[in-house]
Amino acid sequence: MTPESSPFFPGRTVPVESFVGRTREIERLRSMVRGASTGRFWIGFVTGERGIGKSSLAGFVRWLTEQEQRAVGCHVSLGGVSDLGGMLNTTFDRLLKDSIERTWHGQVRDFLGDHVRKVGLFGATLELNLRSEEVATLERTFVHSVRQLLNRIAEHRSLFLILDDINGLADSSRFANWLKSVVDEITLSQDRTRLCILMVGLEERRRQLIEHQPSLARVFELIDIAPWSDEEVYEFYDKSFSSGEATVSEDDLRLMVLWTGGLPVLAHEIGDAIWRTAQTTTIRRQEIAAGIQLAAQVIGGKFLEPQIIGAMRSGRYLSILHEITDMPMQFTRAEALKRLSQDDKEVFDHFLRRMKKLGGLESVPGIRGGYRFPNLLHLLYFKMVFQSWPGSSS
């Protein structure tokens, strides 16, 4: 079947019609935006495993609150941005672009005034053009500027600002202190601020911000996303294949669930690989097995460091990985040694040092000889490579 007809979206934010589960997290975020519409400021942090669907959840709630609550949503991807000025310029530029074809576009453009310019072929694209001194002013007057903007678009109840992909910003003490100052200014003010800020990132990014500004620990409303349940994974595959008018047996759907581990990013990669492998819309077991093998190659190339894949070419390392991927995500050196052959035991300590250096394993604080995979994605990838697909000939 053709890639362009695939009902899966690997590497992309999931369309709202394909969203599955997350009922509790959605309701918490909806309530925060509802609170913002009454003038109660909220700041949240969505965290969870790599590939768990943080950005898709934020995007879905943005769409939902725009429909239900007339919120002005703005989803800002900050990949590559590492300073406060860049974050502010990117945020207001995204707000301008997101407003195009929305009812509030005129008010946003008037608010930004002469700083908006047309770029691109025939002037088809708008861009925010702020000078460095204007960005510095915006840094000092951010809260006042947001209030002014919201007064212009009064028919919309709140601004739902999503700051996504904050890897570069998380290590900026200036950004962390500015964020705390924004919270303090709004909290101490008598004026209502119809604003909800949602940060999106790995838990380690939240901890980095807190290291720079410890008071942020009590500021964030934390939304920690857990993996999908088996039934949610089953629902996802069933719904997705059905939308493409494809048929997969219930037993095969259940087997696919086992390989997904509750991670939406893996579900989309696996589903898309199976779709491209299948010859007809009645998908057979051997095509699913071939799709899993293809997905493993794609996932390795996208999500693992090349050095880790290179190290896996060693015969002894392959043998060791085959054994430890059948263990829990966290294990001890002593537990692993019980499973290894004598030849593998002789190189095991070198394997551990090498994999730690490459980021394929990490030590567990407080547990003597304790190790773990850095995230569920790594473990599931290794399982896909080293364990046989049920029902396949391998």
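FYI, it's all coordinate maths here, none of it is from the lab. Quick caveat: nothing in here was measured; it's all calculated off a predicted structure. No Cβ is skipped: glycine too gets one built from the backbone with ideal geometry, and neighbour counts run over all protein chains shown.
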Checklist entry - Given springs between every Cα pair under 10 Å in a Gaussian network model of the chain, which of ASP93, ASP184, ASP252 has the largest fluctuation? => result ASP184
Item to check | For region 22-225, share of DSSP beta bridges that run antiparallel, in % to the nearest 5 | outcome: 15
Checklist outcome for this item: Inter-part gap, Cα centre of region 280-348 to Cα centre of region 173-202, in whole angstrom, is 44
Checklist entry - What ranking of TRP228, TRP104 emerges when the number of other C-beta atoms within 10 Å of each C-beta is taken as an exposure proxy, fewest first? => result TRP104, TRP228
Checklist outcome for this item: Note: SER5 to ARG117 extended length (0.36 nm per residue) minus current alpha-carbon separation gives 36.6 nm
Next on the checklist: Need the C-alpha centroid separation for region 223-249 versus region 12-74, integer Å.
Outcome noted: 20
Next on the checklist: Net charge around ALA295, counting only other residues with Cβ within less than 9 Å of its Cβ (Lys, Arg = +1; Asp, Glu = -1)?
Outcome noted: -2
Item to check | Calculated FRET value between SER132 and GLU335, using beta carbons and R₀ = 41 Å, to 0.05 | outcome: 0.15
Next on the checklist: Using all alpha carbons of region 230-386, what is the percent of pairwise distances in each 10 Å bin, ordered from the shortest bin to the longest?
Outcome noted: 10, 37, 28, 18, 6, 0
Checklist entry - Given the rule -39500 (n - 2.57) for each run of at least 4 DSSP H residues, summed and divided by the residues of the chain, what is its mean residue ellipticity at 222 nm, to the nearest 500 deg cm²/dmol? => result -16500 deg cm²/dmol
Checklist outcome for this item: In Å, the Kirkwood estimate of hydrodynamic radius for region 22-225 over Cα pairs equals 17.2
Item to check | Nearest-20 debye value, the chain charge dipole, Cβ charges on Lys, Arg, Asp, Glu | outcome: 740
Checklist entry - Which of LYS357, LYS97, LYS239 moves the most in a Gaussian network model of the chain with Cα springs under 10 Å? => result LYS357
Checklist outcome for this item: For VAL233, VAL81, ascending order of other Cβ atoms within 10 Å (fewest first) is VAL81, VAL233
Next on the checklist: Using 0.36 nm times the number of residues separating ALA217 and GLU66, minus their current alpha carbon distance, what extension gain do you get?
Outcome noted: 51.5 nm
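Filter the GluC sites (Glu not before Pro) in region 149-233 to those in DSSP coil with at most 14 other Cβ atoms within 10 Å of their Cβ, and list the result.
Hits after loop and neighbour filter: GLU155.
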Next on the checklist: Just to be sure I understand: with springs between alpha-carbon atoms less than 10 Å apart, which residue in LEU161, LEU216, LEU195 has the highest mean-square fluctuation in the Gaussian network model of the chain?
Outcome noted: LEU216
Checklist entry - Can you tell which of GLN307, GLY86, ALA336 lies farthest toward the positive end of the dipole of the chain, using +1 and -1 charges on the Cβ of basic and acidic side chains (Lys, Arg; Asp, Glu)? => result GLY86
Checklist entry - Using the 10 angstrom Cβ neighbour count as an exposure proxy, how do TRP63, TRP275, TRP178 rank, fewest first? => result TRP63, TRP178, TRP275
